[in-house]
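In what follows, a structure is listed as structure tokens, so that the remarks can point back to it.
The values are calculated or read from the model by the stated rules, or taken from the named source; none is laboratory data. All values reported here derive from a predicted model rather than from experimental measurement. We place every Cβ from the backbone using ideal geometry, glycine too, and count neighbours over all the protein chains shown. What goes into the accessible areas is simple: the full protein's heavy atoms, side chains included, and nothing from ligands, DNA or RNA. Shrake-Rupley method; radii C 1.70, N 1.55, O 1.52, S 1.80 Å.
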Amino acid sequence: MAHIDYYFATISPFVYLAGTRMEAIAAKHGATITYKPLDGPALFARMGKPAEVHPARVDYGLQDRTRQAAKLGLAMSARPAFFPTNRAPSSYAVIAAQAAGGGDMGVLVHALTRACWAEDRNVAEDDVIRAALAEAGFDPDLASRDMLASAEAYGTNLEEAVARGVIGVPFYMVGDARFWGQDRLEDLDLHLAGKI
């Protein structure tokens with residue numbers, strides 16, 4: 001059975017654009033998934049992304065994300081009210097939810113990114129995190145449980161990602177096969193089908 005290690009950030013616009021397509025692909029191929037939220041800016045700093053991005057690239061990115069969202073039928077704020085924000089609390093909740101089980105991880109991740117990118121809500125706030133946990137079928141109290149263990153796992157996810165050559169988010173790994181970006185989900189699907 002194939003397994004996908006999924007590296008992502010809970011406030012990434014590209015994770016939002018991925019929606020729950022990766023989960024559908026995994027289900028189609030009977031693959032399992034381990035969710036590994038991490039600190040995107042810390043990853044970029046370690047993997048060589050320039051600290052300063054030219055304004056033309058920023059403007060293009062805004063246009064392109066808006067077009068991609070429209071193609072996917074997703075609402076998207078060009079400039080969300082709470083971006084960037086502290087991604088650690090929502091990441092800790094994802095880690096705690098995965099450990100607890102019983103809900104839908106894909107729905108949880110999408111609910112958090114949707115809150116940021118379509119609903120102008122702050123995913124660093126407890127009420128937003130609790131609502132996402134409840135929407136995904138998890139106990140909302142997971143938002144305030146096992147914080148130390150979740151914080152340790154969050155740091156471990158970053159170190160593991162750097163060691164494995166993760167260069168951005170979302171990033172999908174099946175063994176040594178690596179796929180970067182929501183625009184590579186079709187390639188992930190073909191890989192799991194044994195076609196590439």
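For (1) small (Gly, Ala, Ser); (2) open to solvent by 50 Å² or more (accessible area, probe 1.4 Å); (3) more than 14 Å from the chain's Cα centre (by Cα); (4) at pLDDT 95 or above, each residue gets a yes or a no:
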{"residue": "Thr113", "(1), (2), (3), (4)": "no, no, no, yes"}
{"residue": "Glu119", "(1), (2), (3), (4)": "no, yes, yes, yes"}
{"residue": "Arg145", "(1), (2), (3), (4)": "no, yes, yes, no"}
{"residue": "Ala153", "(1), (2), (3), (4)": "yes, no, yes, yes"}
{"residue": "Asn157", "(1), (2), (3), (4)": "no, no, no, yes"}
{"residue": "Ala161", "(1), (2), (3), (4)": "yes, no, no, yes"}
{"residue": "Pro170", "(1), (2), (3), (4)": "no, no, no, yes"}
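Residues that are charged (D, E, K, R) and over 30 Å from Ala153 (Cβ atoms): does segment 21-38 have at least one?
Within segment 21-38, none of the residues are charged (D, E, K, R) and over 30 Å from Ala153 (Cβ atoms).
Here is a list of conditions, (1) free of Cβ contacts under 8 Å to residues at least 24 places away in the same chain; (2) surrounded by 17 or more Cβ atoms within 10 Å (Cβ to Cβ); (3) closer than 23 Å to Ala27 by Cβ; (4) among the small types (Gly, Ala, Ser), and Ala177 meets all of them except one; can you say which number that is?
Condition (2) is where Ala177 drops out.
Does at least one position in segment 87-99 carry a residue that is within 21 Å of Gly137 (Cβ to Cβ) and surrounded by fewer than 19 Cβ atoms within 10 Å (Cβ to Cβ)?
Yes; the residues of segment 87-99 include at least one that is within 21 Å of Gly137 (Cβ to Cβ) and surrounded by fewer than 19 Cβ atoms within 10 Å (Cβ to Cβ).
Can we say Arg46 is assigned to a helix (DSSP H, G or I), within 17 Å of Gly168 (Cα to Cα) and among the basic types (Lys, Arg)?
yes
For segment 39-71, enumerate the residues that are of a type in the set (Gly, Ala, Ser) and open to solvent by less than 40 Å² (accessible area, probe 1.4 Å).
Within segment 39-71, the first condition is being of a type in the set (Gly, Ala, Ser), and the residues that meet it are 40, 42, 45, 48, 51, 56, 61, 69-70.
If the condition is that a residue be of a type in the set (Gly, Ala, Ser) and open to solvent by less than 40 Å² (accessible area, probe 1.4 Å), then Gly40, Ala42, Gly61, Ala69 are the ones that fit.
Sort through Lys28, Lys36 and tell me the only one that's open to solvent by 70 Å² or more (accessible area, probe 1.4 Å), at pLDDT 95 or above, out of contact with any His (no Cβ under 8 Å at 6 or more places or on another chain) and not hydrophobic (A, V, I, L, M, F, W, C).
Working: Lys36 fails: open to solvent by 70 Å² or more (accessible area, probe 1.4 Å).
Of the residues listed, the single one that is open to solvent by 70 Å² or more (accessible area, probe 1.4 Å), at pLDDT 95 or above, out of contact with any His (no Cβ under 8 Å at 6 or more places or on another chain) and not hydrophobic (A, V, I, L, M, F, W, C) is Lys28.
Got a number for residues in segment 180-196 being on the phi < 0 side of the Ramachandran plot and either part of a strand (DSSP E or B) or surrounded by 15 or more Cβ atoms within 10 Å (Cβ to Cβ) (or both)?
Looking only at that region, the number is 9.
Just name the residue that is nearest to Leu112 (Cα to Cα) out of those in segment 27-54 that are touching a residue at least 24 places away in the same chain (Cβ under 8 Å) and of a type in the set (A, V, I, L, M).
Looking at the filtered set, the residue picked out is Leu38.
Filter segment 7-27 down to residues that are of a type in the set (Ser, Thr, Tyr) and not in a helix (DSSP H, G or I) and give me whichever is nearest to Gly168 (Cα to Cα).
Taking segment 7-27 first, the residues of a type in the set (Ser, Thr, Tyr) are 7, 10, 12, 16, 20.
Now drop any that are not not in a helix (DSSP H, G or I), which leaves 7, 10, 12, 20.
Working: Tyr7: 8, Thr10: 13, Ser12: 10, Thr20: 18 Å.
Step by step, filter segment 7-27, then rank; the result is Tyr7.
Can you name the helices (runs of 4 or more DSSP H) wholly within segment 55-173 that have at least 3 residues being closer than 13 Å to Pro37 by Cβ, touching a residue at least 40 places away in the same chain (Cβ under 8 Å) and in contact with a helix residue (DSSP H, G or I) (Cβ under 8 Å, 6 or more places away or on another chain)?
In segment 55-173, 88-100, 105-117, 147-164 are the helices (runs of 4 or more DSSP H) which contain 3 or more residues that are closer than 13 Å to Pro37 by Cβ, touching a residue at least 40 places away in the same chain (Cβ under 8 Å) and in contact with a helix residue (DSSP H, G or I) (Cβ under 8 Å, 6 or more places away or on another chain).
For Arg57, are the conditions met, namely being at pLDDT 95 or above and basic (Lys, Arg)?
Criteria not met by Arg57.
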